[in-house]
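Worksheet: the structure to be examined is printed underneath.
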Amino acid sequence: MKPLARAFLALKALRQLGPGPLGRYGLYRLGLWSGLYRRVTSRPLPVGEWSLQPILPLPPVSDVQRCLDPQSLAALLAEADEIAAGKVRLFGGPPADLRLTFDRRLQHWTVYERRPALLAEFYTDLPDVKFLWEPARFGWAFPLGRAYLLSGREKYAETFWRLAEQFLDTNPPYLGPHWMSAQEVALRLMAFVWAGQVFADSPASTPARRIRLGRAVAAHAARIPATLVYARAQNNNHLLSEAAGLFTAGLALPSHPQAARWRTLGWKWLNLGLQAQIDDYGEYSQHSTNYQRLMLQLALWTDALLRQRRETWPRPTLQALGRATLWLLGLLDPVSGQTPNLGANDGAYPFPLSTCPFEDFRPVAHAAARAFLNYRLPSGPWDETARWFGLPLDDPRALDLPRYPADNLTGRASWACLRAVRLTTRPSHADQLHLDLWWRGLNLACDAGTYLYNAPPPWDNPLTSTLVHNTVSVDGREQMTRAGRFLYLDWADAYYKTLLSTEEDILQRAQARHYAYRRLGIRHTRTVTLHAGDRWRVEDELLFLPGLPWKHRRRAFRLHWLLPDWPWQIERGQDRIALRLESPHGPVTLNVATNPSALGSQAQVSLVRAGETVHGADQAEAWRGWVSPTYGIKRPALSLAVIVPAAETFQFITEFRLPE
């Protein structure tokens, strides 16, 4: 990018993001380059013998056993055995090597933050830095601890201590990549506290080991306050994680000279963060279902600490958490427990306290419903999470929640979510008017997810684009200005409303619109109609705005649908395109038409699978035709794109027909 364009973009970011966040980020960079953070985090740590205090309401083993059938218990023990053998499931994916050590001399963490090229040398054989950091979050300690309490096998306790000592021996405070991010430090701190309590009665937990773990928690807590200004600049999950870590350390080490400060600082920013980051509708500021779940996990962790102390949240925080829980429940598929893969998905799942797979949101959503709404939901293996967070399974005061409140359209066996939001915080994906369609636990029209943040092109976070979402783009442009790998500017608001209909065949109808392409003279309105028999009709109107005659030139309108990788057949006629998919539950048909009819020689139709064109003549982009269920994993999908040039108001009409 040319210097003038870069300067213009910086001024735009200052105006749109505001001076506060950018000023705090500037202070963080100043602290790095001035050497302040190096001096602060190089001071000698206080010397003391601090044993971790039990601060979590661990459930009776019998309560956890009630939540697990024999298959679930066997799966848990198998995962613990994998960990004991040196394998770990990163981001809910397949087993990978559990790497905690480095084969080179470590420098102070600020060196790697200032010189990313040095950091890259540590993960030359990994997709990006998150694969380096993830094992050191110690999320694998949770399945080890659960398996230990349920089976009594001492090898699980010894495995934790062996790996913890390996990490502490080779990653001294504050040297190396594992001390760069205060969020990573905070998540590891909480895992240490949990493991210290769970393994407390094991013969492997010698007094020397317990004292060393307490000192490690103190060293981790001392790292966080120095760069809290960065977390405040981000005002997202970084702030919540670091605040929860400080609050935890302050409770777990009450005799430490900094304990009161950590506790006060953590409690302050945790409450301020939750109240600021959850909007009036309950959506989390990062516009992501996975980050919504991460935020609720941190809240559930802190809620467990409060329950143990017979304390509670301030009312504004509890109300915000209630809204956030309802928002997530409203996107929960009742069959699979999954949600739309909305927004950024970095695979974060810091407290894996269930045998349910990564993509199943019921463990956290149901626990949050108990904690923050006093609602009781259908039981299953996901209940294990609620018990680990100190929530009763059989609370007679809890209320049944028969239907999750949401603006979604819901049929007999299918439902749809139309993405439309008024943005008050920066989005990570350009996905306005994206449609997710679900049927009998299958995600028919899906969100591609994320895959990787930091890989070389073309996989440098490309799945944020409008072009991979189920919506319409104009002239191949994004809805918003992409200013960086993680930053969009010129935010596009969308406006949603429910429409009433007197037609007997219509069960529900919703409409949303945005003006993201105002500069091109275009307004996009999407109307979604659910007909009897679970038939879905999606109408996309591209209106040329009045009063802008000079902009009424030919535009290329592109409709995109991302579909499952099922056997397919496509037929193209003069007035429609028919794509037939053979799903596990029977044939699904997607029909696309236009008004006025323009599917003859004018339209370009392409079907792409895994980056390769399987129908049509277009050269496929490498990132088309993929879906990423969790971080670092991508699977083939079908990407259908229909491009039609038009110089007047134009309409796409898509119909999904599902088997009875």
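Below is a table of values for the structure above.
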| quantity | calculated |
| --- | --- |
| Residue list for segment 554-588, filter: exposed (fewer than 15 other Cβ atoms within 10 Å of the Cβ) and either in contact (Cβ under 8 Å) with a residue 12 or more places away in the chain or of a type outside the set (D, E, K, R) (or both) | Arg554, Ala556, Pro567, Gln569, Gly573, Gln574, Asp575, Glu582, Pro584, His585, Gly586, Pro587 |
| Tally of residues being touching a Leu at 6+ places or on another chain (Cβ under 6 Å) and aromatic (Phe, Trp, Tyr) across segment 287-337 | 0 |
| Selection from segment 385-408 of residues that are surrounded by fewer than 23 Cβ atoms within 10 Å (Cβ to Cβ) and free of Cβ contacts under 8 Å to residues at least 40 places away in the same chain | Pro392, Asp394, Asp395, Pro396, Arg397, Ala398, Leu399, Asp400, Pro402, Arg403 |
| Where Ser42 falls short, out of the listed (1) polar (S, T, N, Q); (2) surrounded by 12 or more Cβ atoms within 10 Å (Cβ to Cβ); (3) out of contact with any helix residue (DSSP H, G or I) (no Cβ under 9 Å at 6 or more places or on another chain); (4) closer than 30 Å to Leu144 by Cα | (4) |
| Residue that is nearest to Trp626 (Cα to Cα) [pool: residues in segment 452-474 that are part of a loop (DSSP other than H, G, I, E, B) and either at pLDDT 95 or above or in contact with a Gly (Cβ under 6 Å, 6 or more places away or on another chain) (or both)] | His469 |
| Residue within segment 409-421 that is touching an Asp or Glu at 6+ places or on another chain (Cβ under 7 Å), in contact (Cβ under 8 Å) with a residue 40 or more places away in the chain, more than 30 Å from Thr527 (Cβ to Cβ) and part of a loop (DSSP other than H, G, I, E, B) present | no |
| Which listed residue, of Leu507, Leu542, Leu487, is of a type in the set (A, V, I, L, M, F, W, C), outside the structural domain of Leu22 (by TED's automatic domain parsing), closer than 24 Å to Ala13 by Cα and in contact (Cβ under 8 Å) with a residue 12 or more places away in the chain | Leu487 |
| Candidates Gly93, Gly86, Gly48, Gly31 - the one that is modelled with pLDDT of 90 or more and either within 23 Å of Asp383 (Cβ to Cβ) or outside the structural domain of Leu132 (by TED's automatic domain parsing) (or both) | Gly31 |
| Residue selected from segment 81-107 under the condition part of a helix (DSSP H, G or I) and not acidic (Asp, Glu), by the criterion surrounded by the most Cβ atoms within 10 Å (Cβ to Cβ) | Leu90 |
| Hits in segment 282-317 (condition: under 19 Å from Asn237 (Cα atoms) and of a type in the set (Lys, Arg)) | Arg293 |
| Matching entry among Ser181, Ser202 (being at pLDDT 95 or above and either under 16 Å from Ala222 (Cα atoms) or under 23 Å from the mean Cα position of the chain (by Cα) (or both)) | Ser181 |
| Members of segment 168-201 that are of a type in the set (Ser, Thr, Tyr) and surrounded by fewer than 19 Cβ atoms within 10 Å (Cβ to Cβ) | Thr170 |
| Which listed residue is outside the structural domain of Tyr28 (by TED's automatic domain parsing), in a helix (DSSP H, G or I) and in contact with a Phe, Trp or Tyr (Cβ under 8 Å, 6 or more places away or on another chain), from Leu239, Leu189 | Leu239 |
| Conditions (1) more than 30 Å from Gln234 (Cβ to Cβ); (2) touching a strand residue (DSSP E or B) at 6+ places or on another chain (Cβ under 6 Å): number failed by Thr502 | (2) |
| Output for segment 254-280, where each listed residue is farther than 30 Å from Leu326 by Cα and touching a Leu at 6+ places or on another chain (Cβ under 7 Å) | Ala259, Trp262 |
| Filter pass, Thr481 being within 29 Å of the chain's Cα centre (by Cα), of a type in the set (S, T, N, Q) and either surrounded by 15 or more Cβ atoms within 10 Å (Cβ to Cβ) or within 30 Å of Ala7 (Cα to Cα) (or both) | yes |
| Filtered residues of segment 259-283 (kept if at pLDDT 95 or above, more than 13 Å from Pro316 (Cα to Cα) and either touching a Gly at 6+ places or on another chain (Cβ under 9 Å) or not in a helix (DSSP H, G or I) (or both)) | Ala259, Ala260, Arg261, Trp262, Arg263, Thr264, Leu265, Gly266, Trp267, Glu283 |
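The values are calculated or read from the model by the stated rules, or taken from the named source; none is laboratory data. Just so it is clear, the model here is predicted, and its values are computed rather than measured. Using ideal geometry, Cβ is built from the backbone for each residue, glycine included, and neighbour counts are taken over all protein chains shown.
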